[in-house]
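Asks: Pasting in a structure now, in structure tokens, and then I'll have a few things to ask.
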Amino acid sequence: MRVNLEARAATAENRRAKTRERLLDAATEVISCKGPEAASIEDFVAAAGVSRGTFYNYFPAIGDLIIALNARVSATMVQALGPAPPHQDVAVRFATVLHHILATFTADPVQGWMALRLSESDAPTDPTFAARFDALFLRGVEEGRFSKSANVVAARSIVVGAFRMAQRDIFRGDVPPDHGTQVVALLLIACGLPEGEAHQISRECAESAQRTSA
């Protein structure tokens, strides 16, 4: 009887992929509760229902697991920062991206808390996310929608930092329902938009994101 080596290899690869995702899902739960600094390998293997040996087969150290989780978070943001629809105003695109990410994490609090915990760690900024954010922001400067005096790296720090704080406060329930809308509006104002227009754009984009995630 001939053995289909390609089919066997594909089955094994699929099994490995599922086990890796199982570990990442379990780690998401653990880190969302404990944070990356307090979590241990014992926590991860217990949550995933695997042995330490299985864990090491996929992640030689906790740092490798953190990098993989950070890539998951970054993938969500990178996807939101994909190509804009033709002729979409860059300020609208900017607000749409922020509200989409916020709605995505709000709809999945475990993933959202994990992202917040990682943002407080030494996990590196994903270069693809940084590049796409910078490109969008610089487009706004070039088109005269954002202030020409703005520094793109400083803008990224301010936006990401404020966004994380807003996300944390929303998860804790310490703020009014329109908190995200207010924060995004203030970020647009900081980028150079007039106050009235910034609030209108943020409000409309927030409503659109809520309808999409519902």
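Asks: May I ask you to list pairs of residues, at least six apart or on different chains, whose Cβ atoms are under 8 Å apart, with the first in the range 95-119 being surrounded by 23 or more Cβ atoms within 10 Å (Cβ to Cβ) and the second being among the aromatic types (F, W, Y)?
Replies: Sorted first by the residue in the range 95-119, then by its partner, the pairs are L98/F163; L102/F163; A115/F105.
Asks: Let me ask something else. Being touching a residue at least 24 places away in the same chain (Cβ under 8 Å), within 18 Å of the chain's Cα centre (by Cα) and in a helix (DSSP H, G or I) is the filter here; which residues of the range 19-37 pass it?
Replies: Of everything in the range 19-37, those that are touching a residue at least 24 places away in the same chain (Cβ under 8 Å), within 18 Å of the chain's Cα centre (by Cα) and in a helix (DSSP H, G or I) turn out to be L24, A27, T28, E29, I31, S32, C33.
Asks: Within the range 105-113, does at least one residue satisfy the condition of being closer than 21 Å to P83 by Cβ and under 19 Å from the mean Cα position of the chain (by Cα)?
Replies: Scanning the range 105-113 turns up no residue that is closer than 21 Å to P83 by Cβ and under 19 Å from the mean Cα position of the chain (by Cα).
For every residue, the table says whether it meets (1) surrounded by fewer than 16 Cβ atoms within 10 Å (Cβ to Cβ); (2) closer than 19 Å to Q111 by Cβ; (3) of a type outside the set (A, V, I, L, M); (4) at pLDDT 90 or above.
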{"residue": "D43", "(1), (2), (3), (4)": "no, yes, yes, yes"}
{"residue": "V50", "(1), (2), (3), (4)": "no, no, no, yes"}
{"residue": "G53", "(1), (2), (3), (4)": "yes, no, yes, yes"}
{"residue": "N70", "(1), (2), (3), (4)": "no, yes, yes, no"}
{"residue": "A80", "(1), (2), (3), (4)": "no, yes, no, no"}
{"residue": "P85", "(1), (2), (3), (4)": "yes, no, yes, no"}
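Asks: Hey, another quick one. Is there a residue in the range 177-190 that is of a type in the set (A, V, I, L, M, F, W, C), touching a residue at least 24 places away in the same chain (Cβ under 8 Å) and open to solvent by 60 Å² or more (accessible area, probe 1.4 Å)?
Replies: So far as the range 177-190 goes, yes, one or more of its residues are of a type in the set (A, V, I, L, M, F, W, C), touching a residue at least 24 places away in the same chain (Cβ under 8 Å) and open to solvent by 60 Å² or more (accessible area, probe 1.4 Å).
Asks: With the condition being within 30 Å of E37 (Cα to Cα) and not aliphatic (A, V, I, L, M), I'd like the helices (runs of 4 or more DSSP H) fully within the range 115-214 carrying at least 3 qualifying residues.
Replies: Result: 127-142, 152-172.
Asks: Here is a follow-up. Please specify each residue of the range 95-117 satisfying the condition of being closer than 15 Å to V78 by Cβ and either hydrophobic (A, V, I, L, M, F, W, C) or in contact with a strand residue (DSSP E or B) (Cβ under 6 Å, 6 or more places away or on another chain) (or both).
Replies: Those that are closer than 15 Å to V78 by Cβ and either hydrophobic (A, V, I, L, M, F, W, C) or in contact with a strand residue (DSSP E or B) (Cβ under 6 Å, 6 or more places away or on another chain) (or both): V97, L98, I101, F105, A115.
Asks: Further question on the same structure: For the range 38-112, which helices (runs of 4 or more DSSP H) that fit wholly inside it have 2 or more residues that are under 24 Å from F171 (Cα atoms)?
Replies: In the range 38-112, the matching helices (runs of 4 or more DSSP H) lie at 41-48, 62-80, 90-107.
The values are calculated or read from the model by the stated rules, or taken from the named source; none is laboratory data. Keep in mind it's a predicted model, so treat the numbers as computed, not measured. As a convention, Cβ positions derive from the backbone with ideal geometry for all residues, glycine included, and neighbour counts pool all protein chains shown. SASA here: full protein model, heavy atoms, side chains in, ligands and nucleic acids out. Shrake-Rupley method; radii C 1.70, N 1.55, O 1.52, S 1.80 Å.
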